[in-house]
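Coordinate-derived values only; no laboratory data. Since this is a predicted model, take the numbers as computed values, not measurements. Every residue, glycine among them, receives a Cβ derived from its backbone with ideal geometry; neighbour counts consider all protein chains shown.
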Amino acid sequence: MSALLRLDDLHRSYGSTVAVDGLSLEVASGEVLGLLGPNGAGKSTTIGMIAGLLRPDRGAVVIDGRGGPEDPEIRRLLGLAPQSLALYDELTARENLKLFAELYDLRGSGGRERVQELLVAVGLDTRADDRVAAFSGGMKRRLNLAVALLHRPRLLLLDEPTVGVDPQSRSSIIELIRTIAGGGTTVVYSTHYMEEAQRICDRVAIVDHGKLLDIDTVDSLIDRHGGKPILRTIKGGEETRLRTDDPVRELTALFAAGGLESVRIDRPDLEAVFLALTGRTLRDV
Ligand SMILES: Nc1ncnc2c1ncn2[C@@H]1O[C@H](COP(=O)(O)OP(=O)(O)O)[C@@H](O)[C@H]1O
Ligand SMILES: [Mg+2]
């Protein structure tokens, strides 16, 4: 595996608050890596250090085996959609994209075409000439993503790209990210929504209190930390829950006894993994 991104023992504090506490990981070229953790876990600080907006107190960010984001050549490989939207409210969607296109030296007809292509890709072409101030949260998020894509980055950094959006925008953002990843772009995707991490990511890094607790494919994380499936049955109006490695055998016995009204098998999910690793659920932190 050739690592497009390597984080090597990253540390960063704000005063006495330790935000990132010795984080090391590698992201392969073409991979979609999720950073999954609750609010305050250190995700935005990590992404800020990868993007070169924040300096690590200690440790290094190495991109494409070459160097850190302080090098302008390397910074050009990165696209960032920050958690706090980086858009001009008083400009239209198209004007925002044109402005950033100029910053990236994408001028002239090539730039115009790229802007139009992205407006279509994020489903804003019919609203391109409306001011961003009038946009819903979902539309702003989609435009924020389009800005990050303008210069066709090799490494796309997405910091909670679906926060504050309606379910429809959320689905379209997720589909778009899958398409981008399908085209070979490497993606680092931070979220506190485990369903999204499960849907999008090749591997997930579970972070809490600035530390990496584990990193693996969703299936392996669940296999290793998720516990046994739960067999939920209803009989005589009463629900029974049974944790079992072998729900089929249990069910066979239950069917033989008769009288079952309802059966469901719940596979453990990343929520169970987080609970096993931290003793807390993602939802209540
Ligand atoms: N600019 C800042 N000044 C002081 N503390 C900060 C600042 N940014 C983040 N923090 C603190 O650092 C920790 C990690 O924050 P952050 O990286 O934003 O986490 P996440 O993105 O996972 O929610 C939190 O305790 C947060 O309160
Ligand atoms: Mg954050």
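Scanning segment 238-285 for residues that are assigned to a helix (DSSP H, G or I) and in contact (Cβ under 8 Å) with a residue 24 or more places away in the chain returns Leu270, Glu271, Ala272, Val273, Phe274, Ala276, Leu277, Thr278. Only one of the listed residues (Gly40, Gly65) is surrounded by fewer than 22 Cβ atoms within 10 Å (Cβ to Cβ), away from ligand 2 (no atom under 14 Å from the Cβ) and outside any strand (DSSP E or B). That residue is Gly65. Restricting segment 160-179 to residues that are free of Cβ contacts under 8 Å to residues at least 40 places away in the same chain and within 14 Å of ligand 2 (Cβ to nearest atom), which is farthest from Gly123 (Cα to Cα)? Taking the candidates together, the pick is Gly164. Exactly one residue out of Glu73, Glu95 is surrounded by 15 or more Cβ atoms within 10 Å (Cβ to Cβ) and either under 24 Å from Glu271 (Cα atoms) or away from ligand 1 (no atom under 16 Å from the Cβ) (or both): that is Glu95.
Gly182 fulfils the conditions (1) surrounded by 19 or more Cβ atoms within 10 Å (Cβ to Cβ); (2) free of Cβ contacts under 8 Å to residues at least 40 places away in the same chain except for a single criterion, (1).
Condition first: within 16 Å of the chain's Cα centre (by Cα) and more than 16 Å from Leu5 (Cβ to Cβ). Now tell me which residues in segment 17-44 satisfy that.
Leu36, Gly37, Pro38, Asn39, Gly40, Ala41, Gly42, Ser44
Scanning segment 16-60 for residues that are out of contact with any helix residue (DSSP H, G or I) (no Cβ under 8 Å at 6 or more places or on another chain) and either among the aromatic types (Phe, Trp, Tyr) or away from ligand 1 (no atom under 13 Å from the Cβ) (or both) yields Gly22, Ser24, Leu25, Glu26, Val27, Ala28, Ser29, Glu31, Leu33, Arg58, Gly59, Ala60.
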